[in-house]
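First comes the structure, then the notes that go with it.
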Amino acid sequence: MATPLEPLTTGREFSLLFGKPARAPTPEWSIAWDEHAALRLLAQGSGARFGCGVIWATDQLSGSPRERARARLMMRMLRPMDLVWCLSRAQVTPLRAELGARRTQVEFLKFGVDTDFFTVRPLPAQSAVLSIGNDVDRDSRTLLAALELVHNARPDARLRVQYAGDLAVPTGVERLPRMTHVQLREEYAATTVVAIATRPNLHVSGMTAVLEGMATGRPVVLTRTPGAEDYVRDGEWGLLTEPGSVEDLARGILYSLDSGNAERMGAAAAVAAAAEFSSARLAARLAGLLTASSGSWRPHRAP
């Protein structure tokens, strides 16, 4: 059962540094999807085992001094968690180091999207490239420069980017606004290849757009960051390109725009999405982690 969580006040957040959640001797679970919701869960939960995902904090551990301090504070508050999962294998080691594997179980959980909503669609008559998302780890400078090269080589291709920053958008590139999921699904249908450029990060920035594109039968081009190989099998249903390389990204996009390559990789992408990256598979994997952890349950004791 899903329960809305109240906002966490500064005073209550501070108390999590020194207290611990109320517990009863039962293996039942209370879970939150990410680390920010997890703090509210810990503040309000009672009588349950606690589990959560961690998405952003691992990258903040190597960020600016302020980000590092905030991330270590977050890790300290999450130490009462019984189970923590992450969506990238690259996050497992830093999480275990920060949370202490002796107390908190840390596991990799492969992500998934709604493959009943994002379904296979025919490739469009006009070649097109789509880049979706504006999170902080996107490398818009590299993406826009690569699309300029793509436009020079393939002026017939539509180039569409969801970008709200201040960089100049090259000739031939269309800006897209924020969209509903229904509108986004139609954008994928009008696309030949989905391209995502990111800066180095551990949480595989852009994975949602990549998997949604795959579910609609589109080849994907993604920056090769730690953990990306779990979502894009290079050369089969997509390509992994070098971080910050304008030329490598442009080559990957142009290769994927070729009609034969687009059909071959797009078909493989749809098969992989249905078999490995559906939200149903995600839910089953998470249930498996919770069940396995419950089998070894023991009352929590503070370290």
Inset, instruction - Can you tell me which residue within region 58-92, out of those that are under 24 Å from residue 294 (Cα atoms) and among the polar types (S, T, N, Q), is surrounded by the most Cβ atoms within 10 Å (Cβ to Cβ)? - result: 91
Inset, instruction - Please give the number of the condition residue 146 fails out of (1) more than 27 Å from residue 86 (Cα to Cα); (2) touching a Phe, Trp or Tyr at 6+ places or on another chain (Cβ under 9 Å); (3) buried (at least 18 other Cβ atoms within 10 Å of the Cβ). - result: (2)
Legend entry - Every residue from region 98-136 that is at pLDDT below 95 and closer than 27 Å to residue 161 by Cβ: 133, 134, 135, 136
Legend entry - Test: residue in region 64-71 that is within 23 Å of residue 225 (Cβ to Cβ), at pLDDT 90 or above, among the aliphatic types (A, V, I, L, M) and assigned to a helix (DSSP H, G or I): yes
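Looking only at residues in region 182-231 that are assigned to a loop (DSSP other than H, G, I, E, B) and hydrophobic (A, V, I, L, M, F, W, C), which one is surrounded by the fewest Cβ atoms within 10 Å (Cβ to Cβ)? Give the derivation first.
Of the residues in region 182-231, the ones assigned to a loop (DSSP other than H, G, I, E, B) are 190-192, 197, 199-206, 216-219, 224-227, 231.
The next check asks that each one be hydrophobic (A, V, I, L, M, F, W, C); those that pass are 190, 197, 202, 204.
Values: 190: 15, 197: 29, 202: 26, 204: 29.
Here the answer is 190.
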Inset, instruction - Starting from region 153-174, take each residue that is in a loop (DSSP other than H, G, I, E, B) and list its partners that are buried (at least 18 other Cβ atoms within 10 Å of the Cβ) and aromatic (Phe, Trp, Tyr), counting only C-beta distances under 8 angstrom and pairs at least six apart or across chains. - result: 169/163
Inset, instruction - Considering only residues that are open to solvent by less than 30 Å² (accessible area, probe 1.4 Å) and within 17 Å of residue 170 (Cα to Cα), look in region 247-262 and name the one that is farthest from the chain's Cα centre (by Cα). - result: 250
Inset, instruction - Report, by residue number, each residue of region 135-152 that is touching a residue at least 40 places away in the same chain (Cβ under 8 Å) and assigned to a helix (DSSP H, G or I). - result: 140, 142, 143, 145, 146, 147, 149, 150
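Yes or no, residue by residue, for (1) closer than 28 Å to residue 74 by Cβ; (2) open to solvent by less than 30 Å² (accessible area, probe 1.4 Å); (3) without any contact (Cβ under 8 Å) to a residue 12 or more places away in the chain; (4) part of a helix (DSSP H, G or I):
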{"position": "94", "(1), (2), (3), (4)": "yes, no, no, yes"}
{"position": "97", "(1), (2), (3), (4)": "yes, no, yes, yes"}
{"position": "103", "(1), (2), (3), (4)": "yes, no, no, no"}
{"position": "106", "(1), (2), (3), (4)": "yes, yes, no, no"}
{"position": "115", "(1), (2), (3), (4)": "no, no, no, no"}
{"position": "119", "(1), (2), (3), (4)": "no, no, no, no"}
{"position": "125", "(1), (2), (3), (4)": "no, no, yes, no"}
{"position": "130", "(1), (2), (3), (4)": "no, yes, no, no"}
{"position": "133", "(1), (2), (3), (4)": "yes, yes, no, no"}
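The values are calculated or read from the model by the stated rules, or taken from the named source; none is laboratory data. Nothing here was measured: the structure is a model prediction, and the numbers come from that model. With ideal geometry, Cβ positions are generated from the backbone for all residues, glycine too; neighbour counts draw on all protein chains shown. Note: areas computed on protein heavy atoms with side chains; ligands, DNA, RNA excluded. Shrake-Rupley method; radii C 1.70, N 1.55, O 1.52, S 1.80 Å.
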